[in-house]
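Have a look at the structure below before the remarks.
Every read-out reported here was derived from the displayed coordinates using simple, explicitly stated rules and does not represent laboratory data. As the structure is a computational prediction, the values presented were derived from the model and not from experiment. Here Cβ is always computed from backbone atoms with ideal geometry, including for glycine, and neighbour counts include all displayed protein chains.
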Amino acid sequence: MTRLALEQVTDFGDFTKGKVLKEFFRQAYSNISSQTCLSDVRLSPDGRHIHVIVRQPKSGLMTHDKYQRPHLMQCQKHNDLVLSGNVPVVDVIYIPQSKPEDGASVLGVIFENGRVEFWKFLECRSGWHLLQTVDLCNSPRAKVSSVCMCQNVIIWCEERPPSENSNSVCSNFRFCICKKTIEVNEGGVNLGNVKIALHNNPRYTTVSSGDLVYLLPDMRENSSMGVLKVFLAWSPEHDTFKVHSACSCTLMKSSSKESDFKRLVTDCIGLLATINPPDICGFSPTGCGDLLLLLSTGWVCIMKRDGSLHHIYKLPDNCLSASGTQNSLKIYNEILALTIGRTLFLIDTKCGLELERISLKTEGLLFINTLDSHSPLMLSETGLFVVTQKPKPSPTLSEDSSALLVEAVFEEACKYYQQRSLSSKQLTVEKLKKGGMFQAPISLAAILRDYLRQERLMSSLESELRSLILLEDIKTSVVKASDKDLENYCESLVQQEICRLLSGELERENLQYLNSIFHLFPTYSWHAMQAVLHLRCNGEGLLSSKAPAELWKIILSPVQPTANFAHCNGQQKHTTVPVFELLCQSIFKFQPSWLPRFLELAQQQSGGSSKSSWGYSMKESSESLPLYKRALTVLPCKGTHQHLEVELLLCSERPKAIMQALRILIKQGQWEWIAQVAERFCRQSPLLNKEIFIALLCEVSQHRDLDPYLDLLWTLCPEDMTVMSILNIVLKNLPDSMQNSGPFEAHGSQVTIGLLKPLLRKVLQRETKPSQRYADILQSPTVPPLTPPHLVISC
């Protein structure tokens, strides 16, 4: 077994001005809301240079370098790259040499006014040297807001000065996307002419990934702008644009050689009003044309170059809001590394499995080293760290393992005998070995002595007994462990204990012990629960489990009467609860959105118990309590999670639960959701269909909120409903103000005959239509039937 861990590879002392760099990071981390933070740090592809864009008090750039030859670092004449001035630095980019043998890449420092300084680091000449200075923009009043490199083309988003007659709306679309070819050779840096790829667009952040450039909306702009709901993917080689959205995997539009932004999104205007995509909280290019996205919903996704959106991993609920805005994410081979606040997540991108969750002392910034792109690298306050694989701590068995095995057998035998004995006297291992205390212990001791002599029987239990001994050794190691290894030991111990407890029959003591583990170590128990059940969540939000049926049988066992089950809607004082409720509590605490899906999974494992009982009068006891009612007990009493309550009720697919969910939705005024529920469940049972229809007809009688869904409601009218029954329901449920109103008073919220006319006409036609049930009986045949032959009896 191996685990992933962080290992420091470089201290800031190896860099020039290492103390200054360390002090900068301390100030940046101490005040995340300041102008200088992780987003202002850049690293060179080889990891030898750290560039810090300074915002206050003066704009500038500080560069910290690592010399491969230490004696050059001690030289007092090395040239540092330190820039300061009144013009802000937008970004830095690295331009590779046309020929790899020409040496290191060239650094381009882009200023807001369009000026670019090209620098090159020459260790043999003790530092940085300015190659040349050029201007990107044609207009002296233009400003650069973002820049990136895509192959041999430099691309930037340029802000044009507003015209005198432009209004506030037009000022939001005064940006354009420009490009220039760039080439580095022995003579210097050669730039081509400026070409405008897109104009009249909002402010965009340019992100290069392979041969594509993604234009992401700048969240500092007005969020009410509908165009911020989409982002663009541009191919500089083919000069084509594609419009994407973070809420759908559908390619919204593909346009060839269209340079006007307004024309590009014209066909999407209608669609923009119907979608509400999540915000993009973080992003990272993959280098092959794909884009890694961290959405405000907590999902980490990959936007493929073909426009499809693949979900990888769902962060725990409220993780983003609790950790602030600082995040960083990268993909290394098939491992996704993600830092949220002071936590590093390592995820397998193939299946979405969380490989490791590492707590950090300070926030970190992930980056990719071109010399080793398979190892996750992180820059933090104290230096550079790499994620390595280390074997998990596994203490070796003691030398006297055979004696411990024998002792464990006798202890288990004593415990087993004591639980089933009517005697109040305690049976100890010493007494059992001597054969004392009545006839039964003597026989048990004889059986054990004979059993221990049989190697075949001993070997059958050796693995379980060794796991018990290993568990005890881990407990001992926890006491002696250092602070660095304590967390790993504890997590391993909790997982082994939970796995051991759920592998056999859960008695009262074991159930209480399991409850105490979940109470004392909630986070470790949550991780262990996912590992034991092999829980996976796909991109559609569905849960899957590869746990065996025997494990699910233990989890879904009915309420144990000996477990002091005293739980009332989430308000328990650490009382012992059954396993299913215990798991539901853990899910509700760490991933509430999984709770309805977990209930569906549990109902599937229980043999479809949700659909096996459609009766209304079936009595329920503590032994036959439905799973959805057991899951509902973990919700708070105050009703702050009514959306979860509704989903749990609907997942049960039981008539009473469905009507209870419908009443909650009616109280909340969730009419669109109500229409979906009615259309889904009315087809499953005629009796439930009638109850849902009558409940919604009562609402139609009282207000006009269901008007957009009346056509659907009329199609759900049961066959046995008559015109008189419909009118009686409507008249009984009319509001008091309408019953006392005059015949010609107009009230916009009252039901009218015109609204009921389609329904009444449909039901009336059904009533007046002649019944064909007995038509075949009433019709007389045209030819009379043949006379049956007479029976003649001869004597």
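In this label model, E430 and K629 are separated by 5.2 nm, measuring between points 7 Å along each Cα→Cβ vector.
Note on D239 and D211: the model spin-label points, each 7 Å out from Cα along the C-beta direction, lie 1.7 nm apart.
Each of L734 and R55 was given a label point 7 Å from its Cα along the Cα-to-Cβ line. The distance between the two points is 6.5 nm. 3J(HN,Hα) couplings calculated from phi for region 301-317 with the Karplus curve 6.51 cos²θ - 1.76 cosθ + 1.60 (θ = phi - 60°) are, in sequence order, 10, 10, 8, 6, 5, 8, x, 6, 10, 9, 7, 10, 8, 10, 5, x, 4 Hz; Gly and Pro show x.
Amide H contacts of C281: L294, L295, S296, each under 5 Å away and 5 or more positions distant or on a separate chain (H built 1.01 Å from N in the peptide plane; Pro and chain starts excluded).
At an R0 of 51 angstrom, the distance between the Cβ atoms of R761 and I664 translates into a FRET efficiency of 0.95.
A straight chain from T715 to A273 at 0.36 nm per residue would run longer than the Cα-Cα distance by 156.2 nm. The H on the amide N of Y332, modeled in the peptide plane, is under 5 Å from the matching H of A337, each at least 5 residues off or on a different chain.
R683 label point, 7 Å along Cα→Cβ, cut-off 16 Å on backbone N: hits in region 695-720? From region 695-720, the list is 712-718.
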